[in-house]
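Just so it is clear, none of the values below were taken in a lab; they were calculated from the coordinates. All figures in this text were calculated on a predicted structure; none of them were measured in a lab. For neighbour counting, all protein chains shown are included, and Cβ atoms are generated from backbone atoms with ideal geometry for every residue, glycine included.
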Amino acid sequence: MTPGFLTRLHARERTLIRPPTVEGMPRSLTDSVFISTGASSGIGEAVALQAAGAGMNLVLTARRMDRLESVAARARSLGRLVETVPGDVTDERHSERLLDAAMTRFGRVDAVLANAGYGLETSTLHMDQPSLRRMFEVNVFAGFDLLQRAGRHLVAQGRGGHLLMSSSCVAKITMPYYAAYCATKAAQNHLCRALRLELRPHGIEVSSILPVSTTTEFHRVATGEDRDAPAHTPRLFVQTPERVARAVIRCLRRPSPEVWTSHTVRFASALMTMFPSLMDWSVRKEVAKRRGRVMGSE
């Protein structure tokens with residue numbers, strides 16, 4: 001596979017999936033309408049605030065009403081209009097309520113982020129079926145239900161739009177004792193990639209977000225530890241939700257298939273895809289560390 005071939009392949013991909021906009025001209029976000037789930041904390045909160053700072057009006061949802069209203073108040077202080085729709089993303093018709101709220105308040109929908117999700121550190125052999133199914137319900141089925149409904153709405157609207165889903169670098173790099181979570185992230189990434197190609201003729205962009213370890217509630221929920229990131233993870237691979245949010249806003253302005261927040265991890269994921277044994281070697285010590293902690297708690 002020669003460099004020339006790779007260059008032509010990359011150019012061909014850009015022809016297939018880049019939006020029909022003037023080359024080099026970023027999209028304006030001013031007064032566009034942005035829907036986000038999981039907006040009460042972490043990446044969802046950071047994206048909501050930076051979207052407001054970029055001039056977008058918001059429809060936000062999360063389960064914790066007090067936290068959600070706090071984020072909404074901060075977004076309103078930036079001069080934007082905000083509608084809140086508290087609730088569980090797995091509830092029937094919750095996606096429709098979000099779209100209805102956007103149309104009732106603003107009369108349009110421009111971008112949608114399926115961000116709600118969680119993980120659990122546990123032995124793959126010992127993870128119970130209800131926990132497995134619940135994780136897929138939240139991370140995959142609820143998120144994709146929102147993107148499907150929003151996609152149909154955008155097609156009918158006929159003005160293009162942008163659909164996004166918060167995946168993870170573990171969509172490409174499998175972590176031991178996080179098999180279910182990695183599987184949900186991989187599913188999200190593949191769903192977005194296929195949907196992007198299918199919606200390209202309608203001028204609708206679809207992007208998956210692939211951050212590395214982020215200082216949010218995720219680690220506390222997944223492990224029960226009182227810290228925002230794994231103690232063993234090098235600081236190079238730990239990022240703030242604000243950094244991820246800035247990458248999302250850049251993607252909204254200049255759409256791309258995948259939003260990576262670490263070029264180093266992106267390169268590593270490519271190597272590990274080419275050489276699976278390299279992944280096994282790189283995480284062998286991590287397996288030993290986690291085995292004692294995880295198995296001791298089960």
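Computed quantities for the displayed model
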| read-out | value |
| --- | --- |
| Whole-Å distance, taken between Cα centres, linking region 160-179 and region 78-94 | 23 Å |
| Mean Cβ count within 10 Å, highest first, over the residues of peptides 160-171, 81-92 | 160-171, 81-92 |
| Residue-count net charge about SER207 - beta-carbon cut-off 11 Å; Lys, Arg +1, Asp, Glu -1 | +2 |
| Net charge over other residues, Cβ less than 10 angstrom from the Cβ of LEU60 (K, R count +1; D, E count -1) | -3 |
| ³J(HN,Hα) computed for each position of region 187-197 - Karplus, 6.51 cos²θ - 1.76 cosθ + 1.60, integer Hz, glycine/proline x | 4, 4, 4, 5, 4, 5, 5, 5, 5, 4, 5 |
| Sparse-neighbourhood loop sites, trypsin sites (Lys or Arg not before Pro) in region 71-164 - DSSP loop, at most 14 other Cβ within 10 angstrom | ARG93, ARG159 |
| Net +/- balance of residues flanking ASN189 in space, Cβ distance below 9 Å, scoring K and R +1, D and E -1 | +2 |
